[in-house]
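Q: Below you'll find the structure I mean.
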Amino acid sequence: MKNGQIWLDVDGKDIQAHGGCILQYRDRFYWYGENKDAPNCPGRRRVDVIGVSCYSSGNLVDWKYEGLVLKAESDPESPLHFSKVVERPKVLYNEKTNRFVMWMHLDSPDYSFSSVGIAAAEQPTGPFRLIKTTHPNRQESRDMTLYRDEDGTAYLIHAKDWNKTMNIARLNGEYTDLDGTYVSVMADQEREAPALCKHGGQYYMITSGCTGWAPNSALYAVSPQIMGHWKLIDNPCEGPNSRKTFFGQSSFLFTVNQKHYLMLDHWIPENLQKSGYSILPVTFDGDGAMTVRWVDTWNGPEE
Ligand code: DGJ
(Lines give C-alpha, C1' and ligand atoms only; values in the text may rest on other atoms or scores of the structure.)
Protein backbone atom coordinates (compact mmCIF):
# COMPACT_ATOMS: atom_id res chain seq x y z
CA MET A 1 0.00 0.00 0.00
CA LYS A 2 1.56 3.31 -1.06
CA ASN A 3 1.24 5.74 1.83
CA GLY A 4 -0.49 9.02 1.01
CA GLN A 5 -2.66 7.53 -1.74
CA ILE A 6 -6.09 6.00 -1.78
CA TRP A 7 -5.82 2.27 -1.14
CA LEU A 8 -7.66 -0.53 -2.92
CA ASP A 9 -9.60 -3.36 -1.30
CA VAL A 10 -9.19 -7.00 -2.37
CA ASP A 11 -11.70 -6.41 -5.19
CA GLY A 12 -9.62 -3.54 -6.59
CA LYS A 13 -12.06 -0.82 -5.45
CA ASP A 14 -11.13 2.35 -3.55
CA ILE A 15 -11.27 1.85 0.22
CA GLN A 16 -13.89 4.27 1.51
CA ALA A 17 -13.12 4.48 5.24
CA HIS A 18 -12.01 8.03 5.93
CA GLY A 19 -11.58 9.49 9.42
CA GLY A 20 -11.52 5.87 10.48
CA CYS A 21 -10.45 3.47 13.18
CA ILE A 22 -9.21 -0.10 13.46
CA LEU A 23 -10.70 -2.64 15.87
CA GLN A 24 -9.08 -5.99 16.56
CA TYR A 25 -11.66 -8.65 17.41
CA ARG A 26 -10.62 -12.29 17.71
CA ASP A 27 -8.25 -12.97 14.81
CA ARG A 28 -9.46 -10.21 12.48
CA PHE A 29 -9.05 -6.49 12.12
CA TYR A 30 -12.00 -4.25 11.25
CA TRP A 31 -11.55 -0.84 9.69
CA TYR A 32 -14.52 1.51 9.99
CA GLY A 33 -14.67 4.92 8.36
CA GLU A 34 -16.63 7.49 6.42
CA ASN A 35 -17.80 6.31 3.02
CA LYS A 36 -17.31 9.30 0.70
CA ASP A 37 -17.81 7.42 -2.55
CA ALA A 38 -19.48 10.22 -4.50
CA PRO A 39 -18.40 13.46 -6.17
CA ASN A 40 -18.24 16.56 -3.99
CA CYS A 41 -21.45 18.57 -3.81
CA PRO A 42 -21.00 21.16 -6.62
CA GLY A 43 -18.64 23.92 -5.55
CA ARG A 44 -18.42 22.59 -2.00
CA ARG A 45 -15.89 20.82 0.17
CA ARG A 46 -18.31 18.11 1.22
CA VAL A 47 -19.81 14.83 0.09
CA ASP A 48 -23.35 14.12 1.21
CA VAL A 49 -23.49 11.44 3.89
CA ILE A 50 -23.48 7.88 2.54
CA GLY A 51 -22.73 6.10 5.79
CA VAL A 52 -20.03 4.21 7.65
CA SER A 53 -18.13 1.47 5.80
CA CYS A 54 -16.52 -1.59 7.31
CA TYR A 55 -13.59 -3.57 5.89
CA SER A 56 -12.02 -6.65 7.45
CA SER A 57 -8.53 -8.10 7.19
CA GLY A 58 -6.33 -10.75 8.75
CA ASN A 59 -3.09 -8.86 8.07
CA LEU A 60 -4.05 -5.13 7.94
CA VAL A 61 -3.06 -5.02 4.24
CA ASP A 62 -5.66 -7.09 2.34
CA TRP A 63 -9.02 -5.50 3.11
CA LYS A 64 -12.36 -7.08 2.27
CA TYR A 65 -15.38 -4.78 2.00
CA GLU A 66 -18.03 -5.81 4.54
CA GLY A 67 -20.54 -3.20 3.45
CA LEU A 68 -22.15 -0.05 4.77
CA VAL A 69 -22.70 -0.89 8.43
CA LEU A 70 -24.55 2.36 9.24
CA LYS A 71 -26.44 4.03 6.42
CA ALA A 72 -27.54 7.59 5.73
CA GLU A 73 -31.30 8.05 6.04
CA SER A 74 -33.81 9.85 3.83
CA ASP A 75 -35.90 11.33 6.67
CA PRO A 76 -34.82 15.02 6.91
CA GLU A 77 -35.41 14.86 10.68
CA SER A 78 -32.90 12.01 11.11
CA PRO A 79 -29.43 12.91 12.42
CA LEU A 80 -28.21 10.53 9.71
CA HIS A 81 -29.94 12.43 6.88
CA PHE A 82 -27.64 12.64 3.86
CA SER A 83 -27.53 16.47 4.06
CA LYS A 84 -25.87 16.35 7.50
CA VAL A 85 -22.38 15.43 8.76
CA VAL A 86 -21.28 11.98 9.94
CA GLU A 87 -17.56 11.94 10.68
CA ARG A 88 -14.80 10.04 12.49
CA PRO A 89 -16.70 6.86 13.47
CA LYS A 90 -14.93 4.85 16.19
CA VAL A 91 -15.93 1.35 17.30
CA LEU A 92 -15.22 -0.63 20.49
CA TYR A 93 -16.19 -4.14 21.50
CA ASN A 94 -17.94 -4.32 24.88
CA GLU A 95 -17.16 -7.55 26.71
CA LYS A 96 -20.07 -7.22 29.16
CA THR A 97 -22.76 -6.98 26.51
CA ASN A 98 -20.96 -8.73 23.64
CA ARG A 99 -21.91 -5.78 21.48
CA PHE A 100 -19.98 -3.51 19.16
CA VAL A 101 -20.53 0.14 19.96
CA MET A 102 -19.86 2.98 17.52
CA TRP A 103 -19.50 6.64 18.47
CA MET A 104 -19.30 9.28 15.78
CA HIS A 105 -19.42 13.02 15.21
CA LEU A 106 -22.95 13.96 14.07
CA ASP A 107 -23.52 17.49 12.96
CA SER A 108 -25.54 19.90 10.88
CA PRO A 109 -24.05 20.92 7.51
CA ASP A 110 -22.60 24.09 9.06
CA TYR A 111 -21.11 22.14 12.02
CA SER A 112 -23.15 24.17 14.52
CA PHE A 113 -25.13 21.25 16.01
CA SER A 114 -21.91 19.56 17.31
CA SER A 115 -23.14 16.30 18.80
CA VAL A 116 -22.08 12.66 19.05
CA GLY A 117 -24.10 9.69 17.90
CA ILE A 118 -23.98 6.29 19.57
CA ALA A 119 -24.89 3.13 17.65
CA ALA A 120 -24.56 -0.58 18.45
CA ALA A 121 -24.44 -3.91 16.63
CA GLU A 122 -24.37 -7.60 17.52
CA GLN A 123 -21.64 -8.33 14.94
CA PRO A 124 -18.52 -6.38 13.98
CA THR A 125 -19.88 -6.21 10.43
CA GLY A 126 -23.13 -4.63 11.63
CA PRO A 127 -25.76 -3.60 11.02
CA PHE A 128 -25.33 -0.76 13.55
CA ARG A 129 -28.47 0.93 14.85
CA LEU A 130 -28.38 4.46 16.18
CA ILE A 131 -29.25 4.45 19.89
CA LYS A 132 -29.10 8.18 20.50
CA THR A 133 -27.36 11.46 19.86
CA THR A 134 -26.07 13.59 22.68
CA HIS A 135 -24.06 16.64 23.63
CA PRO A 136 -21.62 14.91 25.97
CA ASN A 137 -21.97 16.31 29.49
CA ARG A 138 -24.06 19.10 27.89
CA GLN A 139 -21.12 20.34 25.85
CA GLU A 140 -20.28 20.64 22.16
CA SER A 141 -18.54 17.78 20.43
CA ARG A 142 -16.86 17.94 17.03
CA ASP A 143 -13.72 15.90 16.18
CA MET A 144 -13.61 12.92 18.50
CA THR A 145 -12.14 9.51 19.19
CA LEU A 146 -12.64 6.65 21.63
CA TYR A 147 -9.96 5.09 23.80
CA ARG A 148 -10.35 1.79 25.65
CA ASP A 149 -7.95 1.38 28.56
CA GLU A 150 -6.39 -1.94 29.62
CA ASP A 151 -8.94 -2.31 32.44
CA GLY A 152 -11.80 -2.10 29.93
CA THR A 153 -12.82 1.45 30.89
CA ALA A 154 -13.48 3.52 27.79
CA TYR A 155 -13.36 7.27 27.15
CA LEU A 156 -14.67 9.75 24.61
CA ILE A 157 -12.11 12.40 23.70
CA HIS A 158 -13.85 15.30 21.95
CA ALA A 159 -13.12 18.86 20.87
CA LYS A 160 -15.50 21.39 22.42
CA ASP A 161 -16.09 25.16 22.28
CA TRP A 162 -15.50 25.38 18.52
CA ASN A 163 -12.43 23.15 18.93
CA LYS A 164 -10.73 25.38 21.47
CA THR A 165 -10.46 22.75 24.21
CA MET A 166 -10.43 18.92 24.41
CA ASN A 167 -12.61 17.00 26.86
CA ILE A 168 -11.91 13.48 28.07
CA ALA A 169 -15.17 11.94 29.23
CA ARG A 170 -15.62 8.49 30.77
CA LEU A 171 -18.17 6.08 29.26
CA ASN A 172 -20.51 3.82 31.20
CA GLY A 173 -19.76 0.09 31.53
CA GLU A 174 -21.75 -0.75 28.39
CA TYR A 175 -20.06 2.04 26.35
CA THR A 176 -23.52 3.30 25.38
CA ASP A 177 -23.43 6.62 27.26
CA LEU A 178 -21.24 8.93 29.33
CA ASP A 179 -20.99 8.28 33.07
CA GLY A 180 -20.80 12.02 33.89
CA THR A 181 -17.09 12.21 34.77
CA TYR A 182 -14.89 14.32 32.52
CA VAL A 183 -11.90 16.65 32.43
CA SER A 184 -11.05 19.52 30.09
CA VAL A 185 -7.46 19.48 28.84
CA MET A 186 -5.27 21.57 26.54
CA ALA A 187 -7.58 24.52 27.21
CA ASP A 188 -7.67 27.05 24.34
CA GLN A 189 -5.03 25.16 22.36
CA GLU A 190 -7.37 24.72 19.35
CA ARG A 191 -6.68 21.10 18.48
CA GLU A 192 -8.70 18.50 16.60
CA ALA A 193 -8.34 14.98 15.15
CA PRO A 194 -7.40 13.35 18.50
CA ALA A 195 -5.79 9.87 18.56
CA LEU A 196 -4.57 8.08 21.71
CA CYS A 197 -2.25 5.26 22.72
CA LYS A 198 -0.44 4.11 25.85
CA HIS A 199 3.28 3.38 26.12
CA GLY A 200 5.52 2.82 29.12
CA GLY A 201 2.70 3.57 31.55
CA GLN A 202 2.02 6.99 29.95
CA TYR A 203 -0.92 8.09 27.81
CA TYR A 204 -0.13 9.84 24.53
CA MET A 205 -2.48 11.98 22.47
CA ILE A 206 -1.73 13.18 18.94
CA THR A 207 -3.85 16.04 17.63
CA SER A 208 -3.85 18.29 14.58
CA GLY A 209 -4.35 22.03 14.39
CA CYS A 210 -7.64 23.43 13.06
CA THR A 211 -7.29 24.33 9.38
CA GLY A 212 -10.29 22.57 7.84
CA TRP A 213 -9.13 19.94 5.35
CA ALA A 214 -5.68 21.53 4.96
CA PRO A 215 -2.69 19.85 6.62
CA ASN A 216 -0.90 21.49 9.54
CA SER A 217 1.54 20.56 12.32
CA ALA A 218 0.61 17.72 14.64
CA LEU A 219 1.35 17.95 18.35
CA TYR A 220 1.51 15.26 20.98
CA ALA A 221 0.63 15.49 24.63
CA VAL A 222 1.47 13.13 27.48
CA SER A 223 -0.14 12.31 30.80
CA PRO A 224 0.49 9.67 33.46
CA GLN A 225 -3.30 9.42 33.95
CA ILE A 226 -5.91 9.56 31.26
CA MET A 227 -8.04 11.98 33.28
CA GLY A 228 -4.95 13.76 34.56
CA HIS A 229 -2.83 16.78 33.68
CA TRP A 230 -1.87 16.50 30.04
CA LYS A 231 1.29 18.27 28.92
CA LEU A 232 1.69 19.36 25.32
CA ILE A 233 5.17 18.36 24.16
CA ASP A 234 5.93 18.99 20.47
CA ASN A 235 5.38 17.79 16.93
CA PRO A 236 6.08 14.02 16.91
CA CYS A 237 6.70 14.04 13.13
CA GLU A 238 10.28 14.20 11.86
CA GLY A 239 11.83 14.58 8.41
CA PRO A 240 10.63 16.18 5.16
CA ASN A 241 7.06 17.57 5.32
CA SER A 242 6.86 16.87 9.04
CA ARG A 243 5.48 20.37 9.66
CA LYS A 244 2.46 19.42 7.56
CA THR A 245 2.08 15.93 9.08
CA PHE A 246 3.33 14.58 5.71
CA PHE A 247 0.24 16.26 4.15
CA GLY A 248 -2.05 14.17 6.33
CA GLN A 249 -4.15 14.44 9.48
CA SER A 250 -4.36 11.99 12.36
CA SER A 251 -7.30 9.60 12.32
CA PHE A 252 -6.29 6.81 14.71
CA LEU A 253 -3.51 5.24 16.75
CA PHE A 254 -3.45 1.46 17.11
CA THR A 255 -1.14 -1.10 18.66
CA VAL A 256 -0.22 -4.53 17.28
CA ASN A 257 2.48 -6.79 18.80
CA GLN A 258 3.32 -3.96 21.23
CA LYS A 259 4.19 -1.64 18.32
CA HIS A 260 2.23 1.53 17.74
CA TYR A 261 1.01 2.88 14.40
CA LEU A 262 -0.54 6.18 13.36
CA MET A 263 -3.18 6.26 10.66
CA LEU A 264 -3.54 9.46 8.62
CA ASP A 265 -6.11 10.81 6.21
CA HIS A 266 -4.72 12.67 3.22
CA TRP A 267 -7.72 14.84 2.41
CA ILE A 268 -8.35 16.09 -1.12
CA PRO A 269 -10.90 18.83 -0.36
CA GLU A 270 -11.97 19.32 -4.01
CA ASN A 271 -12.51 15.59 -4.51
CA LEU A 272 -12.90 14.05 -1.05
CA GLN A 273 -13.71 10.57 -2.34
CA LYS A 274 -10.11 10.22 -3.56
CA SER A 275 -8.56 11.19 -0.20
CA GLY A 276 -5.69 8.84 0.69
CA TYR A 277 -4.41 7.02 3.74
CA SER A 278 -1.12 6.30 5.48
CA ILE A 279 -0.10 4.05 8.31
CA LEU A 280 3.21 5.10 9.85
CA PRO A 281 5.24 3.49 12.64
CA VAL A 282 5.38 5.37 15.94
CA THR A 283 8.51 5.00 18.06
CA PHE A 284 9.52 6.11 21.55
CA ASP A 285 13.00 6.81 22.89
CA GLY A 286 14.22 5.94 26.39
CA ASP A 287 12.82 9.22 27.76
CA GLY A 288 9.39 8.52 26.33
CA ALA A 289 9.67 11.03 23.47
CA MET A 290 7.39 10.07 20.59
CA THR A 291 8.51 10.10 16.94
CA VAL A 292 6.59 9.54 13.71
CA ARG A 293 8.63 9.23 10.52
CA TRP A 294 7.41 8.91 6.97
CA VAL A 295 7.73 5.56 5.22
CA ASP A 296 6.68 5.14 1.58
CA THR A 297 4.70 1.95 2.03
CA TRP A 298 2.56 0.14 4.54
CA ASN A 299 3.32 -3.59 4.44
CA GLY A 300 1.57 -4.59 7.65
CA PRO A 301 2.75 -4.62 11.24
CA GLU A 302 6.15 -5.85 12.34
CA GLU A 303 6.22 -9.40 13.73
C1 DGJ B 1 -11.18 18.83 10.07
C2 DGJ B 1 -11.72 17.61 10.76
O3 DGJ B 1 -10.64 16.95 11.36
C4 DGJ B 1 -12.40 16.71 9.75
O5 DGJ B 1 -12.86 15.56 10.39
C6 DGJ B 1 -13.48 17.50 9.10
O7 DGJ B 1 -14.45 17.87 10.07
C8 DGJ B 1 -12.91 18.76 8.47
N9 DGJ B 1 -12.22 19.54 9.46
C10 DGJ B 1 -14.00 19.60 7.85
O11 DGJ B 1 -13.45 20.81 7.37
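The values are calculated or read from the model by the stated rules, or taken from the named source; none is laboratory data. The model shown is predicted, which means the values in this text are computed figures rather than measured ones. Positions of Cβ are generated from backbone atoms using ideal geometry, with glycine treated the same way; all protein chains shown enter the neighbour counts. SASA here: full protein model, heavy atoms, side chains in, ligands and nucleic acids out. Shrake-Rupley method; radii C 1.70, N 1.55, O 1.52, S 1.80 Å.
Q: Lysines within cross-link reach of residue 231: Cα-Cα under 22 Å, excluding same-chain residues under 8 positions apart?
A: 160, 164, 198, 244
Q: Given a Förster radius of 35 Å and the C-beta distance between residue 129 and residue 150 as r, what FRET efficiency does 1/(1 + (r/R0)^6) yield to the nearest 0.05? Display every interim value, and only then the final one.
A: Numbers: r = 29 Å, r/R0 = 0.82.
Plugging the Cβ-Cβ distance into 1/(1 + (r/R0)^6) gives 0.75.
Q: For the stretch 119-199, with all protein chains present and a 1.4 Å probe, just round the carbon and sulfur fraction of the accessible area to a whole percent.
A: Its accessible area is 40 percent carbon and sulfur atoms.
Q: Would you work out the charge dipole size for the chain about its Cα centre, treating the Cβ of every Lys and Arg as +1 and the Cβ of every Asp and Glu as -1, and quote it to the nearest 20 debye?
A: Rounded to the nearest 20 debye, it is 220 debye.
Q: Compute the distribution of all C-alpha to C-alpha distances in the chain, in bins of 20 Å from 0, and list the percent of pairs in each, rounded to whole numbers.
A: 37, 61, 2
Q: Here's another thing I want to ask about it. Placing +1 on the Cβ of each Lys and Arg and -1 on the Cβ of each Asp and Glu in the stretch 122-229, which of 197, 178, 162 has its Cα farthest towards the positive end of the resulting dipole?
A: 162
Q: Pull up all non-local amide H partners of residue 7: gap of 5 or more, or a different chain, and H-to-H distance under 5 Å with H placed in the peptide plane.
A: For residue 7, the qualifying residues are 15, 277.
Q: What ³J(HN,Hα) values, in whole Hz, does the Karplus curve 6.51 cos²θ - 1.76 cosθ + 1.60 give for the stretch 293-303 when θ = phi - 60°, with x put for Gly and Pro?
A: Each residue of the stretch 293-303 in turn: 10, 6, 10, 6, 9, 10, 10, x, x, 5, 5 Hz.
Q: Within the chain, what percent of beta bridges assigned by DSSP are antiparallel, to the nearest 5?
A: 95
Q: Which value, in debye to the nearest 20, gives the size of the charge dipole of the stretch 154-247 about its Cα centre, when Lys and Arg are +1 and Asp and Glu are -1 at the Cβ?
A: 220
Q: Can you give me the Cα centroid spacing of the stretch 27-44 and the stretch 261-287 in angstrom?
A: 15
Q: Choose one answer from 51, 19, 180: the residue with the largest mean-square fluctuation in a GNM of the chain with alpha-carbon springs under 10 Å.
A: Taking springs between Cα atoms under 10 Å, the residue moving most is 180.
Q: Treating only the Cβ of Lys, Arg, Asp and Glu as charged (+1, +1, -1, -1), what charge dipole size does the stretch 161-205 show about its Cα centre? Round to the nearest 20 debye.
A: Once rounded to the nearest 20, the dipole reads 220 debye.
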